[in-house]
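Asks: This is the structure, below, for whatever I ask next.
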Amino acid sequence: MLDVVIVDDEPAGRRTLRECCAREPDLNVIGEHGDSRAALEAIRARPPHLLFLDIQMNSLDGVSLARQLDARTLPLIVFVTAYDQYALEAFDVSAVDYLLKPFDDERFSRTIERVRRRREAETVAQRQEALTAVLSRIERGVVTAEVR
């Protein structure tokens with residue numbers, strides 16, 4: 001069983017992810033947050049196995065939240081966003097996955113299969129290394145997009 005936390009500042013986004021997770025027998029949603037700062041505290045208190053994390057949020061963006069996670073209990077992270085400018089960079093560095101809103105059931109199922117395979121194959125240290133690379137590239141993409 002994979003414990004899941006959903007972090008998205010849009011209620012519709014959280015609902016969609018929650019409903020998709022409910023259709024997967026091995027996913028157990030233990031938290032759902034619209035406020036990224038509250039999410040960070042909840043994740044620190046009870047680290048999930050899998051984190052669906054929106055990149056662009058109002059108070060603390062997803063990249064900043066991910067950087068503050070404890071490396072010893074780092075969950076698998078699937079970035080979720082409506083902005084496709086981050087997708088290629090995430091895949092370039094082997095992110096677990098990247099869901100571009102709106103997504104369908106088939107796309108969600110492929111994501112969960114990737115998560116399952118990655119969970120079996122990776123150590124926490126490997127996950128931390130991959131996350132650091134993803135976050136660095138996403139941040140550079142944000143800076144580049146803002147300059148344009």
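Asks: With label points built 7 Å along Cα→Cβ from the Cα atoms of residue 18 and residue 64, find their separation and express it in nm.
Replies: Inter-label distance under the simple model: 2.6 nm.
Asks: With the crude spin-label approximation of a point 7 Å out along Cα→Cβ, what separation in nm comes out for residue 84 versus residue 123?
Replies: The answer from the label model is 3.8 nm.
Asks: So how far apart, in nm, are the two label points at residue 46 and residue 10 if each is 7 Å from Cα heading toward Cβ?
Replies: 2.7 nm
Asks: Next up: If you put +1 on each Lys and Arg Cβ and -1 on each Asp and Glu Cβ, how big is the dipole of the chain around its Cα centre, in Debye rounded to 20?
Replies: For this selection, approximately 300 debye.
Asks: Is the chain best put as rounded, prolate or oblate by its Cα gyration tensor, with a ≥ b ≥ c the root eigenvalues, rounded for a/c under 1.5, and otherwise prolate when a/b is larger than b/c, oblate when not?
Replies: Since a/c stays below 1.5, the shape of the chain is classed as rounded.
Asks: Right, here's the next one. So what's the net charge close to residue 9: Lys and Arg +1, Asp and Glu -1, counting the other residues with Cβ under 14 Å from its Cβ?
Replies: Summing Lys and Arg as +1 and Asp and Glu as -1 gives -2.
Asks: With each run of n ≥ 4 DSSP H residues scored as -39500 (n - 2.57), what mean residue ellipticity at 222 nm is computed for the chain after dividing by its residue count and rounding to the nearest 500 deg cm²/dmol?
Replies: Rounded to the nearest 500, the figure is -16000 deg cm²/dmol.
Asks: Still on this model: Excluding residue 126 itself, calculate the net charge of residues whose Cβ lies under 15 Å from the Cβ of residue 126, where each Lys or Arg counts +1 and each Asp or Glu counts -1.
Replies: So the surrounding residues net to +3.
Asks: To continue, here is another question. Pick from 118, 137, 23: which residue has the top mean-square fluctuation in a GNM of the chain where Cα pairs under 10 Å get a spring?
Replies: The residue with the greatest mean-square fluctuation here is 23.
Asks: May I pose another question? If you add up the charges near residue 71, with Lys and Arg at +1 and Asp and Glu at -1, over every other residue whose beta carbon is less than 10 angstrom from its beta carbon, what do you get?
Replies: Surrounding charge for residue 71 is 0.
Asks: With an 8 Å Cα cut-off and a minimum separation of 6 or more residues, compute the relative contact order for region 5-111 in percent.
Replies: 22 percent
Read-outs throughout are calculated quantities, based only on the coordinates presented, and are distinct from any laboratory measurement. Everything numeric here is computed off the predicted structure, so don't read it as measured data. Neighbour counts run over all protein chains shown; Cβ positions are idealised from the backbone, glycine included.
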